[in-house]
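Structure first, then comments.
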Amino acid sequence: MKFGKSVCILNVGGTKYTFPRDVIKDFPLRRVSRLHSCASEKEVLEVCDDYDRERNEFFFDRHSEAFGFIMLYVKYGKLRFVPQMCELSFYNEMIYWGLESSHLEFCCQRRLDDRMSDTYTYFSEEDTKAEDEARGHDVLERPAAAAAAAGAHRGSAKWLERMRRTFEEPTSSVAAQILASVSVIFVIVSMVILCASTLPDWKTAENKSVEEHRIIEAVCIGWFTAECIVRFIVSKDKCEFVRRPLNIIDLLAITPYYVSVLMTVLTGENSQLQRAGVTLRVLRMMRIFWVIKLARHFLGLQTLGLTLKRCYREMVMLLVFICVAMAIFGALAQLLEHGLDLEMGNEDYASIPAACWWVIISMTTVGYGDMYPITMPGRVLGGLCVVSGIVLLALPITFIYHSFVQCYHELKFRSARCTRSLSAEFLN
């Protein structure tokens, strides 16, 4: 901040807060910290609603009581809802000041998730417009002499942005929906061919019509390759494009085909190298990654992936619970079923690793029936194992469920926001 006094006053809904100017720079609230980088009064007015230069006072026409609770979070690190205030309204205030639902205490996160599940809403279109105006501010303020060059650049950038949205956002336009439908059809066709190719009858028929199968497979691979190349060309950040998980999966799904073709050319169709044959079969099965491409077009799969990403701690905790239970019940089962009577013991429990297999299928209530205890102490242990499995598996499920609901609404909001912005652009 290159203007005003050394003390800044934030006036939020009539309630004033005084801070040193240096504190504003690293303020935990993103909207407040943006004031430090403002070089003119005009830039300040893009962040706040009004500004008094004489008193160096910034006015925000927002809910004062909600901001008071947000300031308590800044001071003590705990964020809770304002009593007798709508959860969605408070969440809207949080978004305005630059906070997310993850900053809330767990009890308040559950309240927000339940409310969002009951009533879905769009948050703060006013903020969306403000962000769009901020992005376009530098374009509107350019000198008239550079208008022609800027117009050509904007036209090219606008075309690239439309192409990017067409390939990246299936709900952005009719063309994007058609492209997504075609891509889904190719994924389904490739999956059907891959699965059917393992059937004995299909292998017999394949010897008679090898060329037709290869042509269909090559067309599918050609479509996936072209789609991946175009998306790479129109992407904004090439490095970020390469690091995205879905793009890595696309590469893993496409590469085995070209590697298998190259190995077939180098080693021959009827190669006697057994290793090459095994490698080709492994590479062929790696094409099952194609099915993950459906996550690009279906909100449910995207929600699942985002939930697993955010709940990795709970997933690790679940695995730790299972491993500890496997070690305890596996050792006890081996002792009760085999260790106490080596001659007449149950041979299915001859080792602890074998008993651990019984523990995992019992805790998950699968029960294949391939092995089971025959002694009375072993059966009692089996009952305890099943009950313990139900309890241990249920403990982290609550965390994962609420995270899934939150991720679903976030992705649904992003999709709806994209659709609304493109509709407005089309009407204008």
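Annotation: residue 225 fulfils all but one of (1) hydroxyl-bearing (Ser, Thr, Tyr); (2) assigned to a helix (DSSP H, G or I); (3) at pLDDT below 85; the unmet one is (3). Does region 81-93 include one or more residues that are closer than 29 Å to residue 306 by Cα and of a type in the set (Gly, Ala, Ser)? So far as region 81-93 goes, yes, one or more of its residues are closer than 29 Å to residue 306 by Cα and of a type in the set (Gly, Ala, Ser). Considering only residues in region 362-395 that are part of a helix (DSSP H, G or I) and in contact with a Gly (Cβ under 8 Å, 6 or more places away or on another chain), the one that is farthest from residue 322 (Cα to Cα) turns out to be 362. Applying the condition of being assigned to a helix (DSSP H, G or I) and among the small types (Gly, Ala, Ser) to region 316-361 and asking which residue is modelled with the lowest pLDDT yields 339. Remark: pairs (first residue in region 32-43, over 25 Å from residue 70 (Cβ atoms) and among the small types (Gly, Ala, Ser); second residue open to solvent by 30 Å² or more (accessible area, probe 1.4 Å) and at pLDDT below 80; Cβ separation under 7 Å; 6+ apart in sequence or on different chains) = 39/2.
Within region 38-62, can you find the residues that are open to solvent by 70 Å² or more (accessible area, probe 1.4 Å) and assigned to a loop (DSSP other than H, G, I, E, B)? If the condition is that a residue be open to solvent by 70 Å² or more (accessible area, probe 1.4 Å) and assigned to a loop (DSSP other than H, G, I, E, B), then 49, 53, 54, 55, 61 are the ones that fit.
Could you look through region 1-37, keep only residues that are assigned to a loop (DSSP other than H, G, I, E, B) and closer than 28 Å to residue 100 by Cβ, and pick out the one that is least open to solvent (accessible area, probe 1.4 Å)? Step through it out loud before you land on a result.
Kept after step one, since they are assigned to a loop (DSSP other than H, G, I, E, B), are these residues of region 1-37: 1-6, 13-14, 26-29.
Those still in the list that are closer than 28 Å to residue 100 by Cβ too: 1, 13-14, 26-29.
On the way: 1: 26, 13: 45, 14: 61, 26: 123, 27: 17, 28: 78, 29: 0 Å².
The residue in question is 29.
Filtered by the rule that a residue be buried (at least 18 other Cβ atoms within 10 Å of the Cβ) and over 14 Å from residue 163 (Cα atoms), region 217-234 gives 217, 220, 221, 224.
So for region 26-42 (the condition being aliphatic (A, V, I, L, M) and over 18 Å from residue 7 (Cα atoms)), does at least one residue qualify? No; the residues of region 26-42 include none that is aliphatic (A, V, I, L, M) and over 18 Å from residue 7 (Cα atoms). If the condition is being assigned to a loop (DSSP other than H, G, I, E, B) and either of a type in the set (Ser, Thr, Tyr) or touching a Pro at 6+ places or on another chain (Cβ under 6 Å) (or both), then region 285-299 contributes only 297. Looking only at region 74-99, residues that are part of a helix (DSSP H, G or I) and free of Cβ contacts under 8 Å to residues at least 40 places away in the same chain come to 11 in all. If I filter region 255-313 down to residues being open to solvent by 60 Å² or more (accessible area, probe 1.4 Å) and aromatic (Phe, Trp, Tyr), which single residue comes out as modelled with the lowest pLDDT? The qualifying residue modelled with the lowest pLDDT is 289. As for region 375-393, it holds no residue that is on the phi > 0 side of the Ramachandran plot, hydroxyl-bearing (Ser, Thr, Tyr) and either open to solvent by 50 Å² or more (accessible area, probe 1.4 Å) or out of contact with any Cys (no Cβ under 7 Å at 6 or more places or on another chain) (or both).
Kindly indicate the residue of region 64-82 that is open to solvent by 70 Å² or more (accessible area, probe 1.4 Å) and not hydrophobic (A, V, I, L, M, F, W, C) and also farthest from residue 23 (Cα to Cα) among those meeting that condition. Working first, answer last.
Here is the first cut: in region 64-82, the ones open to solvent by 70 Å² or more (accessible area, probe 1.4 Å) are 65, 72, 75-76, 78, 80.
From what's left, not hydrophobic (A, V, I, L, M, F, W, C): 65, 75-76, 78, 80.
Numbers: 65: 22, 75: 13, 76: 16, 78: 20, 80: 24 Å.
Taking the candidates together, the pick is 80.
Going through (1) of a type in the set (Asp, Glu); (2) open to solvent by 90 Å² or more (accessible area, probe 1.4 Å); (3) closer than 23 Å to residue 302 by Cβ; (4) at pLDDT 60 or above one by one, residue 169 falls short only on (2). Here residue 102 fulfils each of the conditions (1) outside any loop (DSSP other than H, G, I, E, B); (2) modelled with pLDDT of 85 or more apart from (2).
The values are calculated or read from the model by the stated rules, or taken from the named source; none is laboratory data. Note that this is a predicted model, so its numbers are computed, not measured. Virtual Cβ from ideal backbone geometry, glycine too; neighbours counted across all protein chains shown. Heavy atoms of the whole protein, side chains included, go into the accessibility calculation; ligands, DNA and RNA do not. Shrake-Rupley method; radii C 1.70, N 1.55, O 1.52, S 1.80 Å.
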